[in-house]
Each structure stands twice: as C-alpha cells, then as structure tokens.
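One structure is given here, and the rest of the page talks about it.
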Amino acid sequence: MNPEKLAKLQSQVRVGGKGTPRRKVKKSVKAVAKEDPKIASTLKQLNVQPIPDIETINMFMESGKVMAFNAPRLSANVQANTFVVAGKPEEKSPEQAITEMISRMGSFDPNALSQLAKMTEGMQGSNDAGDVDDDIPDLVAADDDTNNKSTDMNAAD
C-alpha cells in the first residue's frame, strides 16, 4: 500500500469517543484440572474422604531417598487403612527433607530434635539390619495345629 493512503486511513479511524462501539476484552479460559472419571469412581468405591489443609507429605523409601509432595491432595479411609496421595512428587535426600520439616515446625524443643535424630538413626539402622520378617510367625505351623485338633475331635466322636 501507499504510505500516504495508509496515513489518511489512520487519521480517519476513531478509537473511542461518541458513537463508537466498545471493544470486548477477550478472556482467556484456564483449563481446570479434572480428575479422570475412572479414578473418581474408584475413589468413590474405596469410600475415601478428602483431608484438607495438608502442606507437605514426605515418604521415606527403602532406597534412602525421600519422596516429597508439596501441596498434595490427600484422601483417606481410616477404617480401611487406605490413603490416596495425589500430586507431583519431588525426590530429595533425607537431610533436605528433615531440614525442611524442622523449619516448618518453627520454635521447637531441643528434646524433640534429639528424638527426631534418634528416629532417623533407627530408620537407617533398620535398613542395614537385613530381614524384617524375623518377628512374623510362620502360618504353616498354625495350619498343622488346626489339622491335628480337628482329627482329635473326630476321634473323640
């Protein structure tokens, strides 16, 4: 186009003032994160209830790392011992997780800090201990005892 013609057209354009249509502001639509319908139906079957106001969840893994969830959605059915954690996990070292826990506690008692240190040492020691199944009794022996009792009852009849 000719620059002179373009300048003439620009001078004729009227923005605002009497008789001009108002411009409508385009609103950006934000996508709302919806739960998957299958997940929602499964959670409904599990009868879990949402637990509000949870800031962080730290899960200590067997590998020694900590899986930390910031601002998770937590749902639970305490009677069935079922917990559902939804959110984006972040993998941290135990030292980082413990320092964050201490900073969130605010003012704390030195005794509580020493108890926390003993607890973490105990967790590290339990990882090195080996088999944890030592204190779980064998079910086979109990099964043999019930068979013997039932044969004794049949002999008494």
Let me cross-check Met59: its accessible surface, 1.4 Å probe, with only protein heavy atoms counted, in Å² to the nearest 10? 80
Cross-link candidates for Lys92: which lysines have Cα within less than 30 Å, leaving aside residues fewer than 8 places away along the same chain? Lys34, Lys65, Lys118
Using r as the Cβ-Cβ distance of Met59 and Lys118, and R0 as 25 Å, what FRET efficiency do you calculate, to the nearest 0.05? 0.75
Spatially proximal lysines relative to Lys30 (Cα-Cα < 21 Å; intrachain offsets below 8 disregarded): Lys88
Cα→Cβ-extended label distance, 7 Å offset, between Glu95 and Gln79, nm: 4.7
Using modelled amide H (1.01 Å from N, peptide plane; none on Pro or chain starts), what sits under 5 Å from the amide H of Ile54, excluding residues fewer than 5 places away? none
Order the following by accessible area, largest value first: Val13, Val84. Probe radius 1.4 Å; ligands, DNA and RNA are ignored. Val13, Val84
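The values are calculated or read from the model by the stated rules, or taken from the named source; none is laboratory data. Since we're looking at a predicted model, the values are computed, not measured. For neighbour counting, all protein chains shown are included, and Cβ atoms are generated from backbone atoms with ideal geometry for every residue, glycine included. SASA here: full protein model, heavy atoms, side chains in, ligands and nucleic acids out. Shrake-Rupley method; radii C 1.70, N 1.55, O 1.52, S 1.80 Å.
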